[in-house]
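Enquirer: After the structure tokens below, expect a handful of questions from me.
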Amino acid sequence: MQVTHTIAEIRAARRELGGVVLVPTLGALHAGHVSLIHAARNFAAKVAVSIFVNPTQFGPQEDFTRYPRPIENDLALCKEAGVDLVFNPSLEEMYPPDQPLVRQAIVDLPALTTVLEGKHRPGHFHGVCQVVAKLFNIVQPTFACFGQKDYQQFRVLSAMVDALNFPLEMKMLPTIREPDGLALSSRNIYLSPEQRTQALAISHALFKASDDVAAGIHQTNRLIATMRNILLEKHLAIDYAAAVDAQTLKPVEQISGVTLLAIAARVGNTRLIDNVLVQR
Ligand code: AMP
């Protein structure tokens, strides 16, 4: 496994390779990331992982500085998972302090980025598109793998790839969960044991609504009410509990085509997101 820190290094390493699949991450890797890495193997002969806590996707009040950065452990996990190439750049490498224009280079897809996460985290998707566009141009992968856990991110980045003709294929892989349903997240380490129990309400709410759809309940106001009640019962602060068209991310009144049920809620200071896709 080759570990690179500069754009020049990864470009040189990448030139020796044929097809490469990229798995972009913020690090603090867990079994969800590892499953992405394993799945990535199916798409190209070589697997690259980027580990970079991107400041431009964090809001001023968010957890950029305290976000975990266990780089040695991350590298060990990558090695164990058979990663070929790691890109772990410094902040200065990605956003040179003497080039302030770099942070101004954004991709704007407001129809997809001002709803759900975008509404509650203004500017978040500007940062996500910015860093991922840079990573795509730096690594030049033939495929890129993302988790359904961040469904809106996948949808926004797919739209960016389509609109701007990035020469790669986007792949979405399933959300990996703890046996009790909690979606794996690097932010779960912030949770106390009691908060972890509370946080289970998020996946329970999504599973209950999903079961309700299977049982024939198609009015989304009923599904949303069910989800909200489960979250409130466990005293979570709800940012949103929504039912939206999986392509447009616009609210739907009835489940007809593929619909995203999505929740963002706070347990103490920790903000968690999760979702499921349902279909009539
Ligand atoms: P992050 O480091 O949180 O930005 O995540 C990097 C990638 O891993 C993104 O594509 C996420 O959607 C994906 N990911 C995060 N958590 C999970 C999970 N529990 N299951 C599957 N993929 C995940």
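Enquirer: How do the helices (runs of 4 or more DSSP H) wholly within region 116-221 filter down when requiring 1 or more residues that are within 14 Å of the ligand (Cβ to nearest atom) and open to solvent by 20 Å² or more (accessible area, probe 1.4 Å): which remain?
Expert: Values: elements: 117-120, 124-139, 151-164, 193-214.
Filter on region 116-221 gives 151-164.
Enquirer: Right, something else. For region 1-19, give me the residue count where each residue is among the aliphatic types (A, V, I, L, M) and assigned to a helix (DSSP H, G or I). Let's see the steps before the verdict.
Expert: Initial filter on region 1-19 (among the aliphatic types (A, V, I, L, M)): 1, 3, 7-8, 10, 12-13, 17.
From what is left, the residues that are assigned to a helix (DSSP H, G or I) are 7-8, 10, 12-13.
The total comes to 5.
Enquirer: Select from region 20-58 the residues that are open to solvent by 20 Å² or more (accessible area, probe 1.4 Å), more than 8 Å from the ligand (Cβ to nearest atom), over 16 Å from PHE87 (Cα atoms) and not in a helix (DSSP H, G or I) and list them in ascending order.
Expert: Those that are open to solvent by 20 Å² or more (accessible area, probe 1.4 Å), more than 8 Å from the ligand (Cβ to nearest atom), over 16 Å from PHE87 (Cα atoms) and not in a helix (DSSP H, G or I): ARG41, ASN42, PHE43, ALA45, PHE58.
Enquirer: Could you tell me which of the residues ARG280, ARG271 is among the charged types (D, E, K, R), in contact (Cβ under 8 Å) with a residue 40 or more places away in the chain and in a loop (DSSP other than H, G, I, E, B)? Explain how you work it out, then say what you get.
Expert: Working: ARG271 fails: in a loop (DSSP other than H, G, I, E, B).
One residue alone meets the criteria, ARG280.
Enquirer: Those residues that are small (Gly, Ala, Ser), in contact (Cβ under 8 Å) with a residue 60 or more places away in the chain and out of contact with any Pro (no Cβ under 7 Å at 6 or more places or on another chain), I need them from region 38-58; list them, please.
Expert: Looking only at region 38-58, we keep the residues that are small (Gly, Ala, Ser), and these are 39-40, 44-45, 48, 50.
Going one step further and asking which of them are in contact (Cβ under 8 Å) with a residue 60 or more places away in the chain, we end up with 39-40, 44, 48, 50.
Correct list: ALA39, ALA40, ALA44.
Enquirer: Just the residues that are over 20 Å from ARG280 (Cα atoms) and exposed (fewer than 14 other Cβ atoms within 10 Å of the Cβ), please, taken from region 230-253.
Expert: Within region 230-253, the first condition is being over 20 Å from ARG280 (Cα atoms), and the residues that meet it are 230-240.
Matches in region 230-253: GLU233, HIS235, ALA237.
Enquirer: Do you know which residues across region 64-92 are part of a helix (DSSP H, G or I) and buried (at least 17 other Cβ atoms within 10 Å of the Cβ)? Step through it out loud before you land on a result.
Expert: Initial filter on region 64-92 (part of a helix (DSSP H, G or I)): 71-80, 91-92.
Once the filter is applied, which keeps residues that are part of a helix (DSSP H, G or I) and buried (at least 17 other Cβ atoms within 10 Å of the Cβ), region 64-92 yields ASP74, LEU75, LEU77, CYS78.
Enquirer: If you don't mind, another one. Just checking, how many residues over region 1-19 are closer than 25 Å to PRO96 by Cβ and either of a type outside the set (Lys, Arg) or within 16 Å of the ligand (Cβ to nearest atom) (or both)?
Expert: Let us first name the residues in region 1-19 that are closer than 25 Å to PRO96 by Cβ, namely 2-15.
Filter once more, so that each one left must be either of a type outside the set (Lys, Arg) or within 16 Å of the ligand (Cβ to nearest atom) (or both): 2-10, 12-13.
Here the count works out to 11.
Enquirer: Within the set of pairs 6+ apart or on separate chains, which have a first residue in region 13-32 that is closer than 14 Å to VAL47 by Cα, a second that is open to solvent by 40 Å² or more (accessible area, probe 1.4 Å) and not in a strand (DSSP E or B), and C-beta atoms under 7 Å apart?
Expert: Correct list of pairs: ARG14/GLN140; GLY18/ALA45; GLY19/ALA45; GLY19/THR142; VAL20/THR142; VAL21/PHE43; VAL21/THR142.
Enquirer: Moving on. Does ALA111 fit the bill of being more than 24 Å from ARG14 (Cβ to Cβ), open to solvent by 30 Å² or more (accessible area, probe 1.4 Å) and of a type in the set (A, V, I, L, M)?
Expert: When the stated conditions are applied, ALA111 passes them.
The values are calculated or read from the model by the stated rules, or taken from the named source; none is laboratory data. Owing to the predicted nature of the structure, the values given are computational and were not obtained by experimental measurement. Reconstructed Cβ throughout: ideal geometry from the backbone, glycine too, with neighbour counts over all protein chains shown. Just so you know, the surface numbers come from the protein's heavy atoms only, side chains and all, with ligands and any DNA or RNA stripped out. Shrake-Rupley method; radii C 1.70, N 1.55, O 1.52, S 1.80 Å.
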